[in-house]
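The values are calculated or read from the model by the stated rules, or taken from the named source; none is laboratory data. The model shown is predicted, which means the values in this text are computed figures rather than measured ones. Virtual Cβ from ideal backbone geometry, glycine too; neighbours counted across all protein chains shown.
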Amino acid sequence: MSRIDVVVTGLGATTPLGGDVASTWDAMLAGRSGVGPLTQEWAEQLPVRIAAQLAVDPSELIDRVKLRRLDRSEAIALIAAQQAWADSGLADSGLDPERLAVSVGSGIGGATTLLAQDDILEKSGPRRVSPHTVPMLMPNGPAAWVGLELGAKAGVHSVASACATGAEAISLGLDLIRAGRADVVVAGGTEAVIHPLPIAGFASMRAMSTRNDDPERASRPWDKGRDGFVLGEGAGVLVLERADHAAARGARVYARLAGAGVTSDAYDIVQPHAEGEGAIRAIRKAIVDADVATSDIVHVNAHATSTPVGDMLEIGALRAALGDHPVLSATKSMTGHLLGAAGALESIATILAIRDGVVPPTINLDDPDENLDLDVAAHKARHLEVPAALNNAFGFGGHNVALVFTRA
Amino acid sequence: MTREEITTGLAEILEEVAGVNPEDVAEGKSFTDDLDVDSLSMVEVVVAAEEKFGVKIPDNEVQNLKTVGDAVSYIEAQS
């Protein structure tokens, strides 16, 4: 069966490690942590007083008046999308806008706008509530802004699947191109909810690390001392393009997005399935979809958020679906957990591992869990030829997404 | 308050809300056509003007305020 091939021709990101892809990747390979203390006054009362905040504030790149109309998650989605767009070289390529689509999601959306405007409502009354409130907090806002800025007319989509959002948005981009609904899809995720309410909510679930006195060591996937995830903020965007379209314009190709697997647990609203059944199915589906052998997948950028239960369930799922040969990385050890942007940022790391033949380190893995029986690139980046690699993302709600990227 | 003072006050608001250069703000200028103030920003301008000048500008009046001069006259009459 002949099928439409999809390749990645542009990357963009703004993260706790850097204001773009190059600086983020350099910091990852160097094993730097983007986690630090929350010094805001509101943090004093919280059980969690650490987070991975953006290295470059959007106000350094977007003018003040425009920023008044953008939720932070929208502003950083725009920044990452513009970088990816410029990187792709599509701007002056004569691409028909009716063949350009957007698939950018957020796990939580414009929560900081909602809460700030609620403060205004309570203090000053309804007339003082900003007329920009709704377009700032609506969950499709980031995708809509990206579509507006790039002139995308083939549809603007915003999936929401919690911490699987970024990866699912990419899988939707793959579907759109395969279905013939677009030649190019700008796809990724964004999240900016470093605010006391979401932090208090996650902390009440006992999902977050409270290693407040040692922020850089707080995110420690697979380590015995792990005690929850560290919240991060940022955005990651990929330009997905039909392979023959990219070839015809002589585009630089990073990698092939070879396949995707999307499943749901139908098990519990927040707990992952106890045997990782949905995750295993997602990985297997992605491999079948990509038409690669499990032995080709030599590297996995794992979801690995540094939670006691989830980290080891994923190890079991990887072992069941792939075997024991892949070299694993948990880049959340450095970036924290970007929720709806995580799957997009980690796809970028997966792609760059393929391009550069080096897998990023998992920092803070000082005392590995005794059940960790797979090979992890701990502490230091590792040189490794990567013909194909997997990126996992799982989300509250029982969402499981696995993406397979291969060398172009 | 003189018309000039009201115009200066509006210019400050327009700069804050919509990024309008204060030098471009004059009584004859249309909010939408000359100063590029869109409908959502106009809502912000009206609310900020109410606060700054201590007046009430009902929504059904806003549509009559086409130019900076219209707004100045309305505020002058109310204050």
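Observations
- Those residues of the stretch A:91-140 which are at negative phi, among the small types (Gly, Ala, Ser) and either in contact with a Cys (Cβ under 8 Å, 6 or more places away or on another chain) or within 14 Å of chain B (Cβ to nearest Cβ) (or both), in sequence order: A:Gly107, A:Ser124, A:Ser130
- The stretch A:108-125, subset closer than 26 Å to A:Ala143 by Cβ and of a type in the set (S, T, N, Q), residue surrounded by the most Cβ atoms within 10 Å (Cβ to Cβ): A:Thr113
- Restricting the stretch A:56-80 to residues that are away from chain B (no Cβ under 14 Å) and in contact with a Gly (Cβ under 7 Å, 6 or more places away or on another chain), the residue that is surrounded by the fewest Cβ atoms within 10 Å (Cβ to Cβ) is A:Val56.
- Every condition in (1) of a type in the set (Gly, Ala, Ser); (2) in the same structural domain as A:Ser161 (by TED's automatic domain parsing); (3) closer than 21 Å to A:Ile315 by Cα is met by A:Ala286 except one, and the failing one is (2).
- Failed item in (1) assigned by TED's automatic domain parsing to the domain that holds A:Leu78; (2) of a type in the set (D, E, K, R); (3) surrounded by fewer than 24 Cβ atoms within 10 Å (Cβ to Cβ), with A:Asp265 passing the rest: (1)
- Test: residue in the stretch A:378-393 that is charged (D, E, K, R), part of a loop (DSSP other than H, G, I, E, B) and more than 24 Å from A:Val56 (Cβ to Cβ): yes
- Per this entry, A:Leu374 is not counted among residues that are closer than 27 Å to A:Ile108 by Cα and either free of Cβ contacts under 8 Å to residues at least 40 places away in the same chain or outside the structural domain of A:Met205 (by TED's automatic domain parsing) (or both).
- Restricted to the stretch A:19-89, the set of helices (runs of 4 or more DSSP H) holding at least 1 residues that are out of contact with any His (no Cβ under 9 Å at 6 or more places or on another chain), closer than 30 Å to A:Val358 by Cβ and not basic (Lys, Arg) comprises A:21-29, A:72-88.
- Screening the stretch A:268-357 for helices (runs of 4 or more DSSP H) wholly inside it with 3 or more residues that are basic (Lys, Arg) returns the ranges A:277-290.
- Against the test of being aliphatic (A, V, I, L, M), buried (at least 18 other Cβ atoms within 10 Å of the Cβ) and closer than 16 Å to A:Ile170 by Cβ, the options A:Ile283, A:Ile297, A:Ile287 yield a single qualifying residue, A:Ile283.
- Where a residue in the stretch A:387-408 is within 27 Å of A:Arg242 (Cβ to Cβ) and touching a residue at least 24 places away in the same chain (Cβ under 8 Å) and its partner, wherever it lies, is among the charged types (D, E, K, R) and assigned to a strand (DSSP E or B), with Cβ under 6 Å and at least six apart: A:Thr406/A:Arg256; A:Ala408/A:Arg256
- Helices (runs of 4 or more DSSP H) enclosed by chain B - at least 2 residues per element that are free of Cβ contacts under 8 Å to residues at least 60 places away in the same chain, within 13 Å of chain A (Cβ to nearest Cβ) and small (Gly, Ala, Ser): B:39-53
- Those residues of the stretch A:71-104 which are among the small types (Gly, Ala, Ser) and over 21 Å from A:Leu172 (Cβ atoms), in sequence order: A:Ala75, A:Ala86, A:Gly89, A:Ala91, A:Ser93, A:Gly94
- Condition check for A:Ala381: surrounded by fewer than 20 Cβ atoms within 10 Å (Cβ to Cβ), at pLDDT 95 or above and of a type in the set (A, V, I, L, M): yes
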